[in-house]
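The structure appears right after this line, and notes come after that.
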Amino acid sequence: METLQFLHSGWAYLVLLVLVIATFNALFKFFGNKEYGALDFRFSLFALITMHIQLLLGIILFFSKDYFSTISEVGGMGEVMKNSALRNLIVEHPLTMIIAVALVTIGYSKHKKKLVSKPKFKVVAIFYTLALVLVLAKIPWSLWF
């Protein structure tokens with residue numbers, strides 16, 4: 001389980017880097033009226049792939065840590081929701097990250113249907129920026145530094 005935790009934590013750096021690159025690439029090129037190219041597609045795709053791998057690692061880690069026993073031990077979900085550390089670990093972080101992955105997936109899917117560069121960049125910029133904000137809001141920074 002420690003190896004899985006290490007993978008999930010280490011992979012998060014790559015996810016964050018790639019998501020930042022894909023987001024800012026889309027924003028700069030949208031506002032700069034640039035043409036959409038193969039490299040832009042790869043940035044968006046790599047962000048999608050890294051986030052899905054991170055989600056898979058997170059789901060495996062979540063169920064391997066047996067948080068359901070923790071919930072029972074503390075007296076149920078009502079007690080978990082009163083404890084900010086447990087609430088973040090068991091509810092807020094996983095839910096927020098699932099939403100962020102969904103936003104990237106939707107943005108990626110929608111951008112492929114656009115035929116012109118400007119709308120492609122717009123869709124990626126909107127959905128990836130929202131995902132990036134959520135990821136930055138729920139990264140457990142205290143564990144990172």
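Each reported figure results from applying straightforward, stated rules to the coordinates on display, with no laboratory input. Because the structure is a prediction, the values reported are computed rather than measured. Please note: Cβ atoms are built from the backbone with ideal geometry, for glycine as well, and neighbour counts cover all protein chains shown.
If you split all Cα-Cα distances of segment 2-144 into 5 Å bins from zero, what percentages do you get per bin, shortest first?
2, 10, 18, 20, 15, 12, 9, 6, 4, 2, 1, 0
List the residues, sorted by chain then number, that are 5 or more residues from TYR36 or on another chain and whose placed amide H is less than 5 Å from its amide H.
Counting only residues 5 or more places away or on other chains, the set is SER117.
Can you give the FRET efficiency for PHE62 and LEU136, using 1/(1 + (r/R0)^6), R0 = 22 Å, r = Cβ-Cβ distance, to the nearest 0.05?
Calculated value: 0.60.
Any idea what the relative contact order of the chain is, in percent, if you count C-alpha pairs under 8 Å spaced at least 6 apart?
34
Semi-axes of the equivalent ellipsoid for segment 72-145, please: Cα gyration tensor eigenvalues, times 5, square-rooted, ordered largest first, whole Å.
Over the Cα atoms of segment 72-145, the ellipsoid semi-axes are 35, 13, 7 Å.
Got a sec to turn the phi values of segment 131-136 into Karplus ³J(HN,Hα) couplings, 6.51 cos²θ - 1.76 cosθ + 1.60 with θ = phi - 60°, whole Hz, x for Gly and Pro?
Rounded to whole hertz, the list is 5, 4, 4, 5, 4, 5.
Taking a threshold of 22 Å on the Cα-Cα distance, which of the pairs LYS114/LYS138; LYS65/LYS138; LYS113/LYS138; LYS34/LYS112 fall above it?
Flagged as over cut-off: LYS114/LYS138; LYS113/LYS138.
Before rounding to the nearest 500, sum -39500 (n - 2.57) across all DSSP H runs of length at least 4 in the chain and divide by the residue total; then give [θ] at 222 nm in deg cm²/dmol.
The helix-only estimate for the chain comes to -27500 deg cm²/dmol at 222 nm.
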